[in-house]
Amino acid sequence: MRVAVAGAAGRMGRVIVKNVTEDDELELVQAFDLRELGRDCGEIAGIGRLGVPIKDARDMEETLDADVLVDFTTAEGAVENIRVASEKGVKLVVGTTGFTDDHWRKIEEYCERVPAVISPNFSVGVNVFWKLVEFAVEFLKDYDVEILEIHHRFKRDAPSGTALRTAEILKEALGDRKIVFGREGICPRGDEIGVFAIRGGDVVGEHTTFFIGFGERIEITHRAWSRQAFASGAIKAIKWIRNVNKPGIYGMDHVLGFKSV
Ligand SMILES: NC(=O)c1ccc[n+]([C@@H]2O[C@H](COP(=O)([O-])OP(=O)(O)OC[C@H]3O[C@@H](n4cnc5c(N)ncnc54)[C@H](O)[C@@H]3O)[C@@H](O)[C@H]2O)c1
């Protein structure tokens with residue numbers, strides 16, 4: 001499987017480059033970014049020279065040549081990269097977050113041409129965390145539900161894609177509860193799901209769902225302390241998509257076998 005990585009100079013991209021290189025079934029053939037152009041992506045990833053220079057993502061239309069494109073970039077960048085890959089019949093594994101409704105409309109249209117695994121969180125742990133939340137909420141429908149996430153100070157989007165997906169899972173089970181992002185001023189609690197984002201230091205990613213009743217509460221927490229947790233899942237997704245030919249958007253629940261195709 002010939003793999004190209006978009007965002008290869010970034011925090012996630014560098015870990016993906018390392019993981020693809022170390023895997024016998026995968027071959028890293030191209031790296032794209034908007035910075036560090038021309039530099040060897042292995043040197044940037046701290047694993048020594050690989051002979052794969054970082055190419056300008058703005059030229060991807062002319063240069064992309066791979067079986068799968070892995071994208072950990074920015075929402076605007078990823079939408080464009082998805083368009084280019086889909087027009088070239090290149091399969092996709094997308095971890096980028098922060099997409100707006102307008103972005104999603106475009107992504108859905110582009111992914112009518114190729115299969116794509118798109119997930120706001122590739123860690124196996126978070127995908128099990130979502131299952132635990134789905135299970136718990138069925139028994140705690142009259143409890144107050146809140147979500148708290150913590151990430152490093154450089155994260156661009158808030159709340160995290162993982163927190164938003166968690167809120168969607170809860171909303172699906174709880175019906176018409178409103179999602180509230182933070183609270184300020186006079187705001188008595190209504191039928192709502194509160195979502196809170198903390199930013200600081202080098203926290204890789206933490207999420208807690210609180211189910212709060214009278215006299216007790218349950219907290220379901222996932223903590224990632226290394227980006228390796230996401231990279232291992234992304235590698236699973238790359239290998240899974242190798243055998244999928246039906247175009248469309250898939251999630252990690254398909255990759256992990258929680259949901260059938
Ligand atoms: N799904 C997951 O499991 C998961 C895990 C961690 C981070 N993320 C998400 O992945 C994205 C990247 O996170 P990060 O911490 O690596 O960010 P980062 O800022 O360290 O890296 C992003 C890289 O993408 C590059 N870039 C920007 N636009 C580009 C484009 N159009 N084409 C190619 N490269 C481009 C930037 O120059 C940068 O090097 C974010 O949206 C983040 O929320 C997802």
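The values are calculated or read from the model by the stated rules, or taken from the named source; none is laboratory data. Predicted model, so just to flag it, every value in this text is computed and none were measured. Cβ placement follows ideal geometry from the backbone for every residue including glycine, while neighbour counts extend to all protein chains displayed. Each accessible area value is taken on the protein alone, full model and side chains, heavy atoms only, with ligands, DNA and RNA left out. Shrake-Rupley method; radii C 1.70, N 1.55, O 1.52, S 1.80 Å.
Worth a mention:
- Chymotrypsin sites (Phe, Trp or Tyr not before Pro) restricted to DSSP loop in the range 71-163 with at most 13 other C-beta within 10 Å: Phe154
- Between Thr63, Ala8, Cys111, the Cα set farthest toward the positive side of the dipole of the chain (charges on each charged residue's Cβ, about the Cα centre) is that of Ala8.
- Ordering Ile179, Gly213, Pro159 by the projection of their Cα atoms onto the charge dipole of the range 124-224, which places +1 on the Cβ of Lys and Arg and -1 on the Cβ of Asp and Glu, puts Pro159 at the extreme positive end.
- Taking chymotrypsin sites (Phe, Trp or Tyr not before Pro) across the range 218-251, the ones in a DSSP loop with at most 14 further Cβ atoms lying within 10 angstrom of their Cβ are Trp225.
- Interatomic Cα distance distribution for the chain, bins of 10 angstrom, percent: 7, 29, 34, 20, 8, 2, 0
- Within the shell defined by Cβ-Cβ distances under 10 Å, the residues around Leu256 carry a net charge of +2, with Lys and Arg each +1 and Asp and Glu each -1.
- Dipole magnitude of the chain, debye to nearest 20 (Cβ charges: Lys/Arg +1, Asp/Glu -1, about Cα centre): 340 debye
- Gain in span if fully extended, Asp191 to Glu172, counting 0.36 nm per residue against the direct Cα distance: 5.5 nm
- Between Val126, Val68, Val84, the GNM of the chain built on Cα springs shorter than 10 angstrom shows Val84 fluctuating the most.
- Were the residues from Thr221 through Lys141 laid out at 0.36 nm apart, the gain over their Cα-Cα distance would be 26.9 nm.
- Sequence-separation-based contact order of the range 124-224, relative, with Cα cut under 8 Å and 6+ spacing, percent: 39 percent
- Residue-averaged 222 nm ellipticity for the chain, from DSSP H runs of 4+ at -39500 (n - 2.57), nearest 500: -10500 deg cm²/dmol
- Low-density loop cleavage sites - trypsin sites (Lys or Arg not before Pro) in the range 151-211, where at most 14 other Cβ are within 10 Å (DSSP): Arg153, Arg156, Arg183, Arg189
- Per residue accessible area of the range 124-224, 1.4 Å probe, in Å²: 56 Å²
- Accessible area of the chain belonging to carbon and sulfur atoms, whole % at 1.4 Å probe: 49 percent
- Net charge over other residues, Cβ less than 12 angstrom from the Cβ of Pro115 (K, R count +1; D, E count -1): +2
- Across the range 124-224, the fraction of Cα-Cα pairs farther apart than 21 Å, rounded to a whole number, is 31%.
- The chain - percent relative contact order, Cα under 8 Å, separation 6 or more: 19 percent
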